[in-house]
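Below is one structure, written out as structure tokens, with a few remarks after it.
The values are calculated or read from the model by the stated rules, or taken from the named source; none is laboratory data. Since we're looking at a predicted model, the values are computed, not measured. Glycine gets a Cβ as well: all are built from the backbone with ideal geometry, and neighbour counts include every protein chain shown. For the accessible areas, the whole protein counts, side chains as well, though only heavy atoms, and no ligand, DNA or RNA atoms are used. Shrake-Rupley method; radii C 1.70, N 1.55, O 1.52, S 1.80 Å.
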Amino acid sequence: MDWGIRNRLSRILNPQDGKGVMLAVDHGYFLGPTEKLENPRKTIKPLLKYAESLMLTRGILRRCVDPDSDIPIVLRVSGGTSILGEDLSNETITTSVEEAIKLNASCLALSIFVGSKYEHQTLSNLSKLVDQGENYGIPVLAVTAVGKEMARDARYLALSCRIAGELGAHLVKTYYCENFENVVEGCPVPVIIAGGKKLPEKEALNLTFNAIKDGASGVDMGRNIWQSNYPVEMIQAVRAIVHDKLTVEESMNSFFLNKNIRSNELETLKTT
Ligand code: 5RP
């Protein structure tokens, strides 16, 4: 693999353990100002210290992240649909590789919709993006999006992840499912998991733990972090599972400990 691609990937998956914690804040690209991401700058700022890379669109990057930040950027470059539109799978490439280079992106992210009406178009988007990214040493993260009517089971997700890997994606994001180890085994490149809809904190940590145990190379998590009432404590707990191999119980203890420390700090700030 090209040196530039390996170098950029090493900014996303820590070379020490091959794992990473990516914070996803790209949801507005089709959902608009979704809950707790109405003001992305406010949501992102306290989490930047703990996230190892940040997944977002160019518009939010330019306006909501200061350019002196050294966080590796995973730039979402697919879209062109909305929650009100005819079909979410009808995506196109929305941002050029040259623009991604100007923004100093470490990785490009694009959704594929296997089994959907626009399957061919999105897979063709992925192939083109891999060609373009490889011209400049920029890796591509394929996001295996799932339509409402599609089952999130190992058979379907393994199919999507394998196709993404076959078309040249350097990293694949999918959902956790039963028999997840089969999804990882069938995919030639590292697989990371999305968090999905907001769950109670313990369930989200359980999901993270099981995914790592079954071979995931980390998370690309959004709502289960920033829709929590304790987003900083949540991302710290997720990191502890991904890198420090904490159990769910141990990570919950660290969640409560950090929550208490922070509320004491906030109390002190208020009174000084
Ligand atoms: C939206 C995405 C999100 O980045 C992805 O789903 C991760 O976020 P969450 O953990 O909230 O599911 O690709 O299309």
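Using alpha carbon centroids, what distance separates the stretch 44-113 and the stretch 228-272, in Å?
Taking the Cα centre of each part, the stretch 44-113 and the stretch 228-272 sit 27 Å apart.
Past 19 Å, Cα to Cα, is the threshold; run K102/K173; K42/K245; K213/K245; K36/K198; K45/K197 against it and keep the listed order.
Among K102/K173; K42/K245; K213/K245; K36/K198; K45/K197, the Cα-Cα distance tops 19 Å for K102/K173; K42/K245; K45/K197.
Only bridges whose two residues both fall in the chain count here: according to DSSP, what percent of them are antiparallel, nearest 5?
The antiparallel proportion sits near 10 percent.
Among S217, S111, S254, which one moves the most in a GNM of the chain with springs linking Cα atoms closer than 10 Å?
Between S217, S111, S254, it is S254 that shows the largest mean-square fluctuation.
Through the Karplus equation 6.51 cos²θ - 1.76 cosθ + 1.60, θ set to phi - 60°, convert the phi angles of the stretch 196-212 into ³J(HN,Hα) values in whole Hz; use x for Gly and Pro.
Each residue's phi maps through the Karplus curve to give x, 4, 4, 10, x, 3, 4, 5, 5, 6, 5, 4, 4, 4, 5, 5, 5 Hz.
Given the options T122, T208, T94, state which has the largest fluctuation in a GNM of the chain using a 10 Å cut-off (strictly under) for Cα springs.
Its mean-square fluctuation being the largest, the pick is T94.
How much FRET efficiency would the formula 1/(1 + (r/R0)^6) give for S127 and K202, where r is the Cβ-Cβ distance and R0 is 41 Å, rounded to 0.05? Could the numbers behind the result be given before it?
On the way: r = 40 Å, r/R0 = 0.98.
Approximately 0.55, to the nearest 0.05.
Please compute the contact order of the stretch 119-272 in relative form: average sequence separation of alpha-carbon pairs under 8 Å and at least six residues apart, divided by the residue count, as a percent.
Relative contact order of the stretch 119-272: 16 percent.
Please compute the length gained on full extension between D2 and T34, using 0.36 nm multiplied by the number of residues separating them and subtracting their Cα-Cα distance.
7.8 nm
Please build a GNM for the chain, connecting alpha carbons under 10 Å apart, and tell me which residue among I83, I112, I71 fluctuates the most.
Among I83, I112, I71, the largest mean-square fluctuation in the Gaussian network model of the chain belongs to I83.
Under a 1.4 Å probe, what is the accessible area of the stretch 3-271 per residue, stated in Å²?
48 Å²
Please compute the contact order of the chain in relative form: average sequence separation of alpha-carbon pairs under 8 Å and at least six residues apart, divided by the residue count, as a percent.
On the way: 493 pairs, mean separation 45.3, N = 272.
The value is 17 percent.
With each label point set 7 Å from Cα along the Cα-Cβ vector, what nm distance links K213 and L48?
Placing both labels 7 Å along Cα→Cβ, they lie 3.6 nm apart.
Counting only protein heavy atoms and a 1.4 Å probe, tell me what percentage of the chain's accessible area is made up of carbon and sulfur.
50 percent
What Rg and what Dmax come out for the stretch 3-271 when only alpha-carbon atoms are used, in angstroms?
17.8, 59
Cα extents of the stretch 84-196 along the three principal axes, largest first, in whole Å?
40, 34, 23
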